[in-house]
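S.K.: Please read through the structure below; I'll follow up with questions.
The values are calculated or read from the model by the stated rules, or taken from the named source; none is laboratory data. This one's a predicted model, so the numbers in the text were calculated from it and none came from an experiment. Note: ideal-geometry Cβ built from the backbone for every residue, glycine included; neighbour counts use all protein chains shown.
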Amino acid sequence: MSETAAATFAAAPAKPDTPRSAVTEGRAVRWTLTAIAIVFLALFLVLPLATVFVQALSKGFETYIATFREPDALSAVRLTLIVAAIAVPFNLVFGIAASWAIAKFEFAGKSLLVTLIDLPFSVSPVVSGLIYVLVFSAQGVFGAFFVQHGIQILFALPGIVLATIFVTFPFVARELIPLMQEQGTAEEEAALTLGASGLWAFLTVTLPNIRWGLLYSVLLCNARAMGEFGAVSVVSGHIRGLTNTIPLHVEILYNEYNFVAAFAVASLLAGLALVTLLIKSILEWRYAGELAAGGRH
Amino acid sequence: MTVSTKPRWRAKPRWRFRQPSVLPGFGITFGYTILCLSLVVLIPLGALVVRSSRLGLSGIWEVASDPRVASALKISFGVSLLAALTASVFGFLVAWVLTRYRFPGRRIVDAVVDLPFALPTAVAGIALAQVYAPNGIVGAQLEKIGIKAAYTPLGIFIAMVFIGLPFAVRTVQPLIAEIDKEVEEASATLGASRRATLWKVVLPPLIPAVLTGFALAFARGVGEYGSIIFIAGNLPYVSEIAPLLIVIKLSEYDYAGAAAIATIMLGISFLTLLAINLIQAWSRRRFGYV
Amino acid sequence: MGGTSGRPSTAIRVEGLSKTFDTAAVLHDFDLDVRAGELLGLLGPSGSGKTTLLRIIAGLDFPDRGRVLFGGDDATGLPVQKRAVGFVFQHYALFKHMSVADNIAYGLNARKRAERPDKAEIKRRVGDLLDLIKLSGFADRYPSQLSGGQRQRVALARALAVEPRVLLLDEPFGALDAQVRKDLRRWLREIHDRTGQTTIFVTHDQDEALELSDRVAVLDKGRLEQVGTPDEVQDNPASATVLKFLGDAVEVEAIAEGGQVRVDGRPVPGVVAPAGLIGPVKLHVRPWQFQLTDPSAAHLRGTVRSSHRSQGRQRIEVEHGPGRPLLVEDFDGERYAAGHPVGLRIVGGYVFA
């Protein structure tokens, strides 16, 4: 590295323009490192994303649109929306309740509770699906009960929803807990001394303070809920037009060598991912102070 | 001033589950939290534990020593280790460039890092397969120099680097941003070269974060399914990963076999989680932060 | 000074308060009366329990034992909302997402419809309070757009808006810089004189407590060391702890006999030994209770170690045998160089049983 000599005597200007700071690398090193980073990211991350759209449109716009006229594709979209519409609100309510209890109170076993809430993030998606199969299959722990009463959990909407809730379980809570801890309890206490009831204090003081963190976490939770593949794949049974979500439909089309259609449907999810990233980035730039530090999961 | 030797008055320490607070709603929110946690996480995971305890250690060992299962586990853990290592190296580089250097489009590049978090794994999977297939844009180039990427363990490696990268970047990035410039300046005023400053002053405090990022990427790689199966080729004994084997066992209604593999994988993720906690505890003692 | 009001009725009484956090006692069997209309300063080092006491009075913390009485009624079990206290938090706890006017009106808006003043009335009261805190043009600003001192005043107005029976301030000037502190201190005293609001404030700053308070309560390690007017606690400190906390003092070896206190055989004027105290005692002497004299007529002899001048007086450190040097304050203006031999006459001091 050629910058070391110059760094040692930082006060002496190495070049006629600006003297180089003692706390950075030389220009050549900086440019090389930046170039490596960008090429790496382009090759590994951007290229696959671009491929989705290129492949989707490779047979023209007409073919692309036609993919979504397929009833199976439409039912996959419908199912995905229904699943997200149940799973996301569930985790939203859970996340708010959990973070209120955990962030605003001191109690024994708190860190164990936080670890348990985080658990689904460290479980393989396939295992996440498997555990529900074990619970609800005919030989499973509760399976017999549901089978007797004619309630279909596995290979049906309830199973898909449960698996989705599991994999997205920590999203809202883990964003809100550090955020609420950072904010402390002084504002709520102030509201109470001014005569507000607990619920009123929550609605008028706590909720406005966490609104951006809430939006941020719901956004990420939703992206994962709509895009989950492994866990849902295990519990869905892959019944075309009935229990296939968008990602599962992509898999089926791909395995049938219907690549254009597979990428066309995938482009829906890729578009969702891009919108999610965009809003997420905007939130991080504009409201960094109102998100949990290091809140990116 | 004299030091007071008056004994501090001590109450009999009274154990409380919860410190009293003026804020309401603990009972209902705590209860609801425990209820949801039990229904969604604890009971289903408990079912797995029950199922595998019926097998016993010997039963699990029997499943694991089946050659096909053993090779799948070996592939999952081995490739994931290499991929996590690669992701850590490049992740550190990306994090350093993003926090330390200013260049046009930096914010976009920063946002792009989260792509693997946001892109559904199935979409990533078919896209990676397309790019690295023999007729794909990168795959064709690799083919020319005699490297087969897709449908080999190299394909698994690529997918694992893809999904592990954000973990590696995002764990070190905030710490690089928090490095006190004055410390580097102090090092420079004391006569250290830039390289010495980096090695002796800047890098050591970042080691725990790098290790944490590595462990996270590793754990994610071991469990990953969607982005791998399309590019892996899924050839038994060659490029078949453990999660896929669980799916296969399930489709054969071999619940015991699936549960056994899942238990092994769960055990490994818990060990990884434990390792992360130990790293962070060490970091807190040694450097005063996580 | 003598700012105490002519009606010593008790507004708030705490009886036998005890409180522990984990295993450390924060308050130990604590009693205190707060008189109606007075401005009471709770003074103590950090960890002395003063903030906890304030929060217990407000209903934000709960005692393990003891009672809080408001005007003779037991309020120990009363929830914070019903206590009608105005609490000003150390870091203000303003609602960041609300304008200054909305912050001040919060307590009124939080009331049940039947008790809530109508919109015009709320607006009028917010306007009056903004006048009082001299921030009339700031109604639509947000807390982030205000300086520290302005936030402090908004927090006070917000607390006053609900017409509390007692105003509680936790380190009200702790987070402000020196000049703003001084201005706000004077201003708070003015507001108090105008409104006659019973007020308790917590501080660790002696000057602040002595300047502002009608009475000062000195706390240490969860106990009440002394309560009295600023003059009382300064002239007759109840313990060495109070004495040391209120300013510099040095300890001088002395002998008590027959009600007198002698140093080097010479009686110290103005100091009376507590009844029954005989033998070696520690005499606590303030820097201004020394006079520089001719060594032959002095209680103590030593040499000047260093001296410096500040604000019209000279502070001299006198080396006097082993141990810490004596701190002497001198106003006559003659400069003493290091090494100069001096004699010290003690003209006052305190002896505690």
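S.K.: Could you list, in sequence order, the residues of the range A:256-274 that are without any contact (Cβ under 8 Å) to a residue 60 or more places away in the chain and more than 9 Å from chain B (Cβ to nearest Cβ)?
M.R.: A:E256, A:Y257, A:N258, A:G271
Each row is one residue, and each column tells you yes or no for (1) more than 8 Å from every other protein chain (Cβ to nearest Cβ); (2) part of a helix (DSSP H, G or I); (3) touching a helix residue (DSSP H, G or I) at 6+ places or on another chain (Cβ under 9 Å).
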{"site": "A:A98", "(1), (2), (3)": "no, yes, yes"}
{"site": "A:D118", "(1), (2), (3)": "yes, yes, yes"}
{"site": "A:F155", "(1), (2), (3)": "yes, no, yes"}
{"site": "A:F171", "(1), (2), (3)": "yes, yes, yes"}
{"site": "A:L179", "(1), (2), (3)": "yes, yes, yes"}
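S.K.: Which members of the range B:239-272 meet the condition of being at the interface with chain A (Cβ under 10 Å from one of its Cβ atoms) and assigned to a loop (DSSP other than H, G, I, E, B)?
M.R.: Selection gives B:I241, B:Y253.
S.K.: Of all residues in the range C:57-87 being within 9 Å of chain A (Cβ to nearest Cβ) and aliphatic (A, V, I, L, M), which is nearest to C:L146 (Cα to Cα)?
M.R.: Only one residue tops the list, namely C:V85.
S.K.: Still on this structure: Given the structure, is A:K110 at the interface with chain B (Cβ under 9 Å from one of its Cβ atoms), surrounded by 15 or more Cβ atoms within 10 Å (Cβ to Cβ) and under 17 Å from A:R174 (Cβ atoms)?
M.R.: no
S.K.: Hey, can you tell me all the residues within the range A:20-66 that are crowded, with 16+ Cβ neighbours inside 10 Å, closer than 15 Å to A:A266 by Cβ and β-branched (V, I, T)?
M.R.: A:T51, A:V52
S.K.: Among the residues of the range B:220-238, are any more than 10 Å from chain A (Cβ to nearest Cβ), among the hydroxyl-bearing types (S, T, Y) and either surrounded by fewer than 23 Cβ atoms within 10 Å (Cβ to Cβ) or over 23 Å from the mean Cα position of the chain (by Cα) (or both)?
M.R.: Looking for residues that are more than 10 Å from chain A (Cβ to nearest Cβ), among the hydroxyl-bearing types (S, T, Y) and either surrounded by fewer than 23 Cβ atoms within 10 Å (Cβ to Cβ) or over 23 Å from the mean Cα position of the chain (by Cα) (or both), one finds at least one in the range B:220-238, hence yes.
S.K.: Being more than 7 Å from chain B (Cβ to nearest Cβ) and either under 13 Å from B:A256 (Cα atoms) or of a type in the set (F, W, Y) (or both) is the filter; apply it to the range A:120-136 and report the residue that is surrounded by the most Cβ atoms within 10 Å (Cβ to Cβ). Even if it seems obvious, please write down each step before you answer.
M.R.: Taking the range A:120-136 first, the residues more than 7 Å from chain B (Cβ to nearest Cβ) are A:121, A:128-129, A:136.
Subset that is either under 13 Å from B:A256 (Cα atoms) or of a type in the set (F, W, Y) (or both): A:121, A:136.
Values: A:F121: 19, A:F136: 27.
Looking at the filtered set, the residue picked out is A:F136.
S.K.: Would you check if C:P164 is crowded, with 18+ Cβ neighbours inside 10 Å, assigned to a loop (DSSP other than H, G, I, E, B), away from chain A (no Cβ under 13 Å) and of a type outside the set (D, E)? Walk me through how you get there before you give the answer.
M.R.: Details: crowded, with 18+ Cβ neighbours inside 10 Å: yes; assigned to a loop (DSSP other than H, G, I, E, B): yes; away from chain A (no Cβ under 13 Å): no; of a type outside the set (D, E): yes.
Here the answer is no, as C:P164 does not meet what is asked.
S.K.: Taking the residues in the range B:42-76 that are polar (S, T, N, Q) and free of Cβ contacts under 8 Å to residues at least 40 places away in the same chain as candidates, determine which candidate is surrounded by the fewest Cβ atoms within 10 Å (Cβ to Cβ).
M.R.: Among those that are polar (S, T, N, Q) and free of Cβ contacts under 8 Å to residues at least 40 places away in the same chain, it is B:S58.
S.K.: Give the number of residues within the range A:181-204 that are over 30 Å from the mean Cα position of the chain (by Cα) and not in a helix (DSSP H, G or I).
M.R.: The number of residues fulfilling the criteria is 4.
S.K.: Quick one: would you say B:A275 is small (G, A, S), more than 10 Å from chain A (Cβ to nearest Cβ), surrounded by fewer than 18 Cβ atoms within 10 Å (Cβ to Cβ) and more than 30 Å from B:R54 (Cα to Cα)?
M.R.: Working: small (G, A, S): yes; more than 10 Å from chain A (Cβ to nearest Cβ): yes; surrounded by fewer than 18 Cβ atoms within 10 Å (Cβ to Cβ): yes; more than 30 Å from B:R54 (Cα to Cα): no.
So B:A275 fails the test.
S.K.: May I pose another question? Go through the range C:286-333 and count every residue that is in contact with an Asp or Glu (Cβ under 6 Å, 6 or more places away or on another chain), surrounded by fewer than 20 Cβ atoms within 10 Å (Cβ to Cβ) and in a loop (DSSP other than H, G, I, E, B).
M.R.: Residues flagged as in contact with an Asp or Glu (Cβ under 6 Å, 6 or more places away or on another chain), surrounded by fewer than 20 Cβ atoms within 10 Å (Cβ to Cβ) and in a loop (DSSP other than H, G, I, E, B) within the range C:286-333 amount to 1.
S.K.: Could you please let me know if C:G349 is at positive phi and at pLDDT 90 or above?
M.R.: Judged against the criteria, C:G349 is a match.
S.K.: Quick one: in the range C:76-100, of everything that is of a type in the set (G, A, S) and buried (at least 20 other Cβ atoms within 10 Å of the Cβ), which residue is farthest from the chain's Cα centre (by Cα)?
M.R.: By that ranking, first place goes to C:A93.
S.K.: Could you check the range C:269-281 and list, in sequence order, the residues that are touching an Asp or Glu at 6+ places or on another chain (Cβ under 9 Å) and buried (at least 16 other Cβ atoms within 10 Å of the Cβ)?
M.R.: C:A273, C:V281
S.K.: Among the residues in the range B:137-148, are any in a helix (DSSP H, G or I), more than 12 Å from chain A (Cβ to nearest Cβ) and among the charged types (D, E, K, R)? Show your work before the answer.
M.R.: Taking the range B:137-148 and keeping what is in a helix (DSSP H, G or I), we get B:139-144.
Remaining after also requiring more than 12 Å from chain A (Cβ to nearest Cβ): B:140, B:143-144.
Within this subset, residues satisfying the condition of being among the charged types (D, E, K, R) are B:143-144.
Yes, the range B:137-148 contains at least one residue that is in a helix (DSSP H, G or I), more than 12 Å from chain A (Cβ to nearest Cβ) and among the charged types (D, E, K, R).
S.K.: Being more than 27 Å from A:A201 (Cβ to Cβ), in contact with a strand residue (DSSP E or B) (Cβ under 9 Å, 6 or more places away or on another chain) and in the same structural domain as C:L219 (by TED's automatic domain parsing) narrows it down to one residue among C:F30, C:F70, C:F89, C:F62; which is it?
M.R.: Values: C:F70 fails: more than 27 Å from A:A201 (Cβ to Cβ); C:F89 fails: more than 27 Å from A:A201 (Cβ to Cβ); C:F62 fails: more than 27 Å from A:A201 (Cβ to Cβ).
Only one candidate passes the filter, namely C:F30.
S.K.: Right, another one. Looking at (1) within 14 Å of B:I34 (Cβ to Cβ); (2) at pLDDT 95 or above, can you tell me which one A:V88 breaks?
M.R.: Looking at each condition in turn, A:V88 falls short on (1).
S.K.: Quick one: which of C:G41, C:G47, C:G2, C:G6 is of a type outside the set (V, I, T) and modelled with pLDDT of 95 or more? Break it down into steps so the answer makes sense when it comes.
M.R.: Values: C:G47 fails: modelled with pLDDT of 95 or more; C:G2 fails: modelled with pLDDT of 95 or more; C:G6 fails: modelled with pLDDT of 95 or more.
Just one listed residue meets the conditions, C:G41.
S.K.: Can you tell me how many residues within the range C:231-260 are within 14 Å of chain B (Cβ to nearest Cβ) and either free of Cβ contacts under 8 Å to residues at least 24 places away in the same chain or part of a helix (DSSP H, G or I) (or both)?
M.R.: Just the residues of the range C:231-260 that are within 14 Å of chain B (Cβ to nearest Cβ), to begin with: C:239-253.
Imposing the further condition that a residue be either free of Cβ contacts under 8 Å to residues at least 24 places away in the same chain or part of a helix (DSSP H, G or I) (or both) reduces the set to C:240-246.
Number of matching residues: 7.
S.K.: Quick check: anything in the range B:77-93 modelled with pLDDT of 95 or more, facing chain A (nearest Cβ under 8 Å) and buried (at least 21 other Cβ atoms within 10 Å of the Cβ)?
M.R.: Checked the range B:77-93: no residue is modelled with pLDDT of 95 or more, facing chain A (nearest Cβ under 8 Å) and buried (at least 21 other Cβ atoms within 10 Å of the Cβ).
Let's see how each residue does on (1) in a helix (DSSP H, G or I); (2) in contact with a helix residue (DSSP H, G or I) (Cβ under 7 Å, 6 or more places away or on another chain); (3) more than 19 Å from A:T51 (Cβ to Cβ):
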position: B:L82; (1), (2), (3): yes, yes, yes
position: B:T99; (1), (2), (3): yes, yes, yes
position: B:A129; (1), (2), (3): yes, yes, no
position: B:N135; (1), (2), (3): no, no, no
position: B:L165; (1), (2), (3): yes, yes, no
position: B:A188; (1), (2), (3): yes, yes, yes
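S.K.: Restricting to the range C:181-230, give me the number of residues that are aliphatic (A, V, I, L, M) and assigned to a helix (DSSP H, G or I). Break it down into steps so the answer makes sense when it comes.
M.R.: Taking the range C:181-230 as the starting set, the residues that turn out to be aliphatic (A, V, I, L, M) are C:184, C:188, C:191, C:200, C:202, C:209-210, C:212, C:216-219, C:224, C:227.
Narrowing the set further to residues that are assigned to a helix (DSSP H, G or I) leaves C:184, C:188, C:191, C:209-210, C:212.
The number of residues fulfilling the criteria is 6.
S.K.: Restricting attention to the range B:18-41, which residues are surrounded by fewer than 15 Cβ atoms within 10 Å (Cβ to Cβ) and either farther than 30 Å from C:L78 by Cα or more than 7 Å from chain A (Cβ to nearest Cβ) (or both)?
M.R.: B:P20, B:G27, B:I28, B:G31, B:L35, B:S38, B:L39
S.K.: Anything in the range A:223-281 that is crowded, with 24+ Cβ neighbours inside 10 Å and of a type in the set (V, I, T)? List them, or say none.
M.R.: A:V232, A:V234, A:V235, A:T245, A:I246, A:V250, A:V265
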